[in-house]
Amino acid sequence: MEPVIGIIGGSGLYRVADLADAEWRETTTPFGAPSDALLHGRIGTTRMVFLPRHGRGHVETPSSIPYRANVAAMKAAGVTHLVSVSAVGSFREEMAPGDFVIVDQFIDRTFAREKSFFGPGLVAHVSVAHPVCPSLSAACAAAARRAGATVHEGATYFVMEGPQFSTRAESRLYREWGCDVIGMTNMPEAKLAREAELHYASVAMVTDYDSWHPEHGSVQIAEIVATLHGNVARAAGLVAALPVCIDATCDAGCATALDHAIMTAPDARDPAMVERLRHIAGRLLPNADPA
């Protein structure tokens, strides 16, 4: 099956230029409306769907983003490979502002967000030991290099609630924990993508050194915005190069993540929950339309 690429754009990336047959389409899901309309189009023969995570104009906070609706909308649109692009601070000298980091692990310290599609009446426990797709992550690294970015592969992303940035003490602590970058939006997004059985990769665009760095002091919004503008062109180049870099082959089990995960006995399942999860887990739910 040909991959359908979904892009969730973070701060500074609110649209994708140069998509053929581009069309914004309003949509809704059983989990509400996503952050914005979905931009459908093509690069060559590859279908692509774009969603601005914060909405055009940056209207959603990290805590108010409708993460479940965003991922559910991508799944319903036929997306198979979902790429997150987000702005982050760096805890590592070598991961400098302007660099791209391909994340492979997360520490989730968010607390004000719905983190699962499942719930009472239909319970599931999905493994996120390896929360990203290795094949898609490698494709993103290759595409970023084609776009001229300095790329670091393999990093731990600390996800904070926000919207405020870290204190210096917090920044130093997270660095000591072994975290490499810090941001506010990749959780619960990565967990939801796993529940939706999507191939997921995280491209983190470094904008600053958070507040741990003795020579850089606190986070300065003006500097972040300036770096973001420089990153957006490279992010657009990454998106354009993805179709030629992507390999639909994956042996990491992304597309079968729900196998053995649903715990609720068939005769105890809430019919309303089964209906609500039709587009997420339909292949494993009798009488649900898997389309």
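The values are calculated or read from the model by the stated rules, or taken from the named source; none is laboratory data. Computed from a prediction, not measured in an experiment: that's the story for all the values here. Glycine gets a Cβ as well: all are built from the backbone with ideal geometry, and neighbour counts include every protein chain shown.
Tabulated values for the structure
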| quantity | calculated |
| --- | --- |
| Entirely in region 18-94, the strands (runs of 3 or more DSSP E) that have 3 or more residues that are closer than 28 Å to residue 252 by Cα | 38-43, 46-52, 81-90 |
| Close pairs (8 angstrom Cβ cut-off, 6 or more residues apart or separate chains): at negative phi and among the aromatic types (Phe, Trp, Tyr) in region 108-136, assigned to a loop (DSSP other than H, G, I, E, B) and at pLDDT 95 or above anywhere | 111/161; 117/31; 117/196; 117/277; 118/277 |
| Matching residues in region 29-57 - criterion: being among the hydroxyl-bearing types (Ser, Thr, Tyr) and within 16 Å of residue 8 (Cα to Cα) | 35 |
| Residue identified as of a type in the set (Val, Ile, Thr), surrounded by 18 or more Cβ atoms within 10 Å (Cβ to Cβ) and at pLDDT below 95 among 249, 207 | 207 |
| Count of region 136-166 residues which are charged (D, E, K, R) and either touching a Lys or Arg at 6+ places or on another chain (Cβ under 6 Å) or assigned to a helix (DSSP H, G or I) (or both) | 2 |
| When residues of region 1-44 are limited to those that are surrounded by fewer than 21 Cβ atoms within 10 Å (Cβ to Cβ) and among the acidic types (Asp, Glu), the one modelled with the lowest pLDDT | 18 |
| Pairs, first of a type in the set (Asp, Glu) in region 50-73, second assigned to a loop (DSSP other than H, G, I, E, B) and buried (at least 18 other Cβ atoms within 10 Å of the Cβ), C-beta under 9 Å, six or more apart | 60/35; 60/36; 60/53; 60/54; 60/66 |
| Exclusive hit being touching a strand residue (DSSP E or B) at 6+ places or on another chain (Cβ under 6 Å), in contact (Cβ under 8 Å) with a residue 12 or more places away in the chain and aliphatic (A, V, I, L, M), set 257, 261 | 261 |
| Contacts under 6 angstrom Cβ, first residue in region 160-189 being touching a residue at least 60 places away in the same chain (Cβ under 8 Å) and surrounded by fewer than 18 Cβ atoms within 10 Å (Cβ to Cβ), partner part of a loop (DSSP other than H, G, I, E, B) and of a type in the set (S, T, N, Q), 6 or more apart | 161/110; 163/61 |
| Evaluation of residue 208 against (1) touching a strand residue (DSSP E or B) at 6+ places or on another chain (Cβ under 8 Å); (2) without any contact (Cβ under 8 Å) to a residue 12 or more places away in the chain (one fails), failing number | (2) |
| Region 77-94 - residue that is over 16 Å from the mean Cα position of the chain (by Cα) and buried (at least 21 other Cβ atoms within 10 Å of the Cβ) and, of those, farthest from residue 203 (Cα to Cα) | 91 |
| Filter result (modelled with pLDDT of 80 or more and either closer than 28 Å to residue 138 by Cα or assigned to a helix (DSSP H, G or I) (or both)) within region 210-227 | 210, 227 |
| Number of the exception - residue 61 against (1) loosely packed, with under 15 Cβ neighbours inside 10 Å; (2) over 18 Å from residue 184 (Cβ atoms) | (2) |
| Sole exception among (1) at pLDDT 95 or above; (2) in a loop (DSSP other than H, G, I, E, B); (3) more than 18 Å from residue 103 (Cα to Cα) for residue 186, by number | (3) |
| Selection count, region 140-159, where residues are surrounded by 16 or more Cβ atoms within 10 Å (Cβ to Cβ), hydroxyl-bearing (Ser, Thr, Tyr) and over 17 Å from residue 110 (Cβ atoms) | 0 |
